Each structure stands twice: as structure tokens, then as C-alpha cells.
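Chemist: Structure in C-alpha cells, see below.
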Amino acid sequence: MSGTVKKAYVRPLDFKHGQIDMGHGAGGRASAQLIEELFLAAFDNEYLNQGNDQAAFPAPAGRMVMATDGHVVSPLFFPGGDIGSLSVHGTVNDVAMAGARPLYLSASFIIEEGFALAQLKRIVDSMAAAARAAGVPIVTGDTKVVERGKGDGVFITTTGIGVVPPGVRIDGAAARPGDAILVSGTMGDHGVAIMSCRESLAFETEIVSDSAALHGLVAQMLAAVPGVRVLRDPTRGGLATTLNEIARQSSVGMLLDEAAIPVRPQVDAACELLGLDPLYVANEGKLIAICAEEDAAALLAAMRSHPQGADAARIGTVVEDAHGFVQMQTRFGGRRMVDWLSGEQLPRIC
């Protein structure tokens, strides 16, 4: 979406009735108009406004972190968010899970011919608002248009970079037996919000996506406990799959307490209705933290003192296990395996 643009056209884009056509991706006058009147207007910042095919920006000293994520959620708009805000939150959070301060984002759009400009503007405006709220500017990007029937509306890929403060070493391979396992809040909100919207399900209390940028919460956690060992956001595959990933990286096992895992009653009820397990349902505004036992109380207090960690809970303990199994103590006093997600539980949730 970069490049110097000159006003060489007469009529502005019709954001009320207009549609994307192949000319908007052809690199000519229509492309330039789309870039200027939509993307540059929404994402306005000094780096993007340089108008080059890349962004030049200052980089602070320290270890740099980069993450990239493709967003193909269906439906594009859902309770609590849309593909635009989600594409910002998802990548900001991937950077933040290294303990890094997110600095800059890039964005790439693949748009289907015939897609309504009104919907595209709604997405871009939401994305711009999310980036401003997070304090992480979108400094460069790209736009492509594909033929009708080949794009399913719009796909967005975002890449983010950030810097890790000195002394912070967070790694999925750092969990140790005896460590505490914490989560920042209720599980499954995002995935169930998507599914209930997709299936037109109505509940007494609306289920809203938890999509949010978590770097502020992470900064507060690290200020209280600089020695946090592992951070991870349990997106696709949910809590269960993410814990299995960490267990494999760290060559440890995990023992969870089912009664301690926070799940909203309406999410639990929706999962029962849909035949889903909330432990495998995606989240977009929650994190898992693993820390030494002696730091658990301080870390939990720091999480609960932040709005995004108000429902934080300790849910288990890291244990020695050469097989890397994740197990759960059930409410009935028994144990069961919490295995990797097998197959596809929720399609296109992020």
C-alpha cells in the first residue's frame, strides 16, 4: 500500500455503494486512489507517509522480536471485534509473548473482487483504531486483489516487530518441574463468540470475543516478576494444545486442576450445546504464564490488578514427566489426559 500518490482523479471513492474491482489491485490510478483515500487516511503516521515501498524507522538497542500472522476469520465481523482489530491484536500479542514491547506493524491485504468498499472501510477503520489504542503504528503494507470467488472477502496478514527489555528471557523451553501455571482469564470466549455468530445461536447473555492487545498486561507482569519463564497466548487449539506445545518444548509434564480453570457459564453451556471442549477453543485476549513457585503469588496479584487480568487464576503445576503428558485432575477426583487437538474443532476462528 506504499508509494507516492498524486491526486490525478476526479471522483472520490464511493464508500457507501462502491465495490473492489480488479483495477484496485493493478498498480495504476485506481490502486493509488484506494491507497490514499482508504489506507493512508486511516493508518496515518510519519513512517507510512514517507511513501516508499518500505518503512524506515529507528530501532532501539536490545534483542529484537518479529512475528507474522495470517487472519482468515469467518465471519469477518463478530461480537467484540472483526478481522481488522483481530489482525492487530493477534500480532501484537505474538510479539508481547516474548516479553517484548511491540514497536511497529506491517499489513498485507488480499481482497476479493466485488468486496464492498463500505465493509473494507469498516475493517480498515477498526484496524487503525486498534493500532492507535495499542500504540503500535502500521508503517508499511501491501494490497492485492484476486478474482471474484477466489478470496472469500478479505484476508489480512500482519507482521510485527518489538524489542525485549534487558534481563528478560522468556522461552517455551524454560518451564521447570514445580513451576506454577497461570492464565489471565476465562477460556474459550473468542472461539464460542465466532461459532455462535456463525451458527446464529442466541443466548441469554451475549458471548463476546476477548480479542485485545496484551502488551500492557505483560509489561505489568514483568515489572512485578522479571523472571517469568514462559508466556504464550492460547489461540488456535486453545489452552490444551498450547500447554502441550510448551510441555514438549520444555520436556516436562503438567498437572491441571479442572475446577480452577475459569470458563464463563454461558461459554460452558454453548460448548455443551455445540459438542465442544472449552479447553480446545481459541482465545484472542488471554495468556498463559509459567513462573517459579515462589513467584506465583506475586505474579497472580500483578495480573489481577490489571483490567485484562482481573479473572486470572492459577490452574496447575509443571511436573516431571519424560513423556511430556498434560493431565488434569477432574472435579470428580480422577485424572484424564489433556491431549493435543485432533482434527479441526472450530474452523476459521482467527
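Chemist: Among the candidates 263, 252, 281, which residue alone is of a type in the set (Val, Ile, Thr) and closer than 23 Å to residue 92 by Cα? Step through it out loud before you land on a result.
Modeler: Numbers: 263 fails: closer than 23 Å to residue 92 by Cα; 252 fails: closer than 23 Å to residue 92 by Cα.
Every option except 281 fails the conditions.
Chemist: Here is a further query. Mind checking which residues of region 50-73 are assigned to a loop (DSSP other than H, G, I, E, B), more than 15 Å from the chain's Cα centre (by Cα) and either at negative phi or among the acidic types (Asp, Glu) (or both)? Give the derivation first.
Modeler: Pass one, region 50-73, residues assigned to a loop (DSSP other than H, G, I, E, B): 51-62, 72-73.
Remaining after also requiring more than 15 Å from the chain's Cα centre (by Cα): 51-62.
Matches in region 50-73: 52, 53, 54, 55, 56, 57, 58, 59, 60, 61.
Chemist: Test each condition in (1) within 19 Å of the chain's Cα centre (by Cα); (2) at pLDDT 95 or above for residue 191 and report the one that comes out false.
Modeler: Only one criterion is unmet by residue 191, namely (2).
Chemist: Take the conditions of a type outside the set (Ser, Thr, Tyr), open to solvent by 10 Å² or more (accessible area, probe 1.4 Å) and touching an Asp or Glu at 6+ places or on another chain (Cβ under 7 Å) and apply them to residue 265. Does it pass? Break it down stepwise before answering.
Modeler: Values: of a type outside the set (Ser, Thr, Tyr): yes; open to solvent by 10 Å² or more (accessible area, probe 1.4 Å): yes; touching an Asp or Glu at 6+ places or on another chain (Cβ under 7 Å): no.
For residue 265, the condition - of a type outside the set (Ser, Thr, Tyr), open to solvent by 10 Å² or more (accessible area, probe 1.4 Å) and touching an Asp or Glu at 6+ places or on another chain (Cβ under 7 Å) - is not met.
Yes or no, residue by residue, for (1) out of contact with any Phe, Trp or Tyr (no Cβ under 6 Å at 6 or more places or on another chain); (2) under 18 Å from residue 260 (Cα atoms); (3) open to solvent by 10 Å² or more (accessible area, probe 1.4 Å):
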position	(1), (2), (3)
275	yes, no, yes
278	yes, yes, yes
281	yes, yes, no
287	yes, yes, no
297	yes, yes, yes
309	yes, yes, no
313	yes, yes, yes
318	yes, yes, no
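Chemist: How many residues are open to solvent by less than 30 Å² (accessible area, probe 1.4 Å) and at pLDDT below 95 if we restrict to region 97-151?
Modeler: Residues that pass the stated criteria total 1.
Chemist: Residue 185 - would you say it is buried (at least 21 other Cβ atoms within 10 Å of the Cβ) and either touching a Leu at 6+ places or on another chain (Cβ under 8 Å) or part of a strand (DSSP E or B) (or both)?
Modeler: On the way: buried (at least 21 other Cβ atoms within 10 Å of the Cβ): yes; either touching a Leu at 6+ places or on another chain (Cβ under 8 Å) or part of a strand (DSSP E or B) (or both): no.
So residue 185 fails the test.
Chemist: Quick one: would you say residue 70 is open to solvent by 10 Å² or more (accessible area, probe 1.4 Å), under 23 Å from residue 25 (Cβ atoms) and in contact (Cβ under 8 Å) with a residue 12 or more places away in the chain? I'd like the intermediate steps shown before the answer.
Modeler: Numbers: open to solvent by 10 Å² or more (accessible area, probe 1.4 Å): yes; under 23 Å from residue 25 (Cβ atoms): yes; in contact (Cβ under 8 Å) with a residue 12 or more places away in the chain: yes.
Here the answer is yes, as residue 70 does meet what is asked.
Chemist: In addition: When both residues are 6+ apart or on different chains and their Cβ atoms are under 6 Å apart, which pairs have a first residue that lies in region 288-300 and is within 15 Å of residue 99 (Cβ to Cβ), and a second that is assigned to a strand (DSSP E or B)?
Modeler: 288/183; 288/232; 289/182; 289/231; 290/181; 290/230; 291/180; 299/291
Chemist: Okay, next question. If you scan region 89-118, which residues turn out to be assigned to a helix (DSSP H, G or I) and touching a Leu at 6+ places or on another chain (Cβ under 7 Å)? So that I can check it myself, show each step before the final result.
Modeler: Restricting attention to region 89-118, the residues satisfying the condition of being assigned to a helix (DSSP H, G or I) are 89-96, 117-118.
Across region 89-118, the qualifying residues are 91, 93, 96, 117.
Chemist: Pick out, from region 258-350, the strands (runs of 3 or more DSSP E) lying fully within it that include 1 or more residues that are in contact with a helix residue (DSSP H, G or I) (Cβ under 9 Å, 6 or more places away or on another chain) and not basic (Lys, Arg). Explain how you work it out, then say what you get.
Modeler: Details: elements: 288-291, 313-319, 326-329, 335-337.
The qualifying strands (runs of 3 or more DSSP E) are 288-291, 313-319, 326-329.
Chemist: Also, quick follow-up: Which residues, counting only those in region 204-242, are open to solvent by 60 Å² or more (accessible area, probe 1.4 Å) and modelled with pLDDT under 95?
Modeler: 204, 205, 206, 208, 236
Chemist: Which of the residues spanning region 152-167 are under 28 Å from residue 221 (Cβ atoms) and modelled with pLDDT under 95?
Modeler: Matches in region 152-167: 165, 166, 167.
The values are calculated or read from the model by the stated rules, or taken from the named source; none is laboratory data. Since the structure is predicted, the reported quantities are computational estimates derived from the model, not experimental observations. Reconstructed Cβ throughout: ideal geometry from the backbone, glycine too, with neighbour counts over all protein chains shown. For the accessible areas, the whole protein counts, side chains as well, though only heavy atoms, and no ligand, DNA or RNA atoms are used. Shrake-Rupley method; radii C 1.70, N 1.55, O 1.52, S 1.80 Å.
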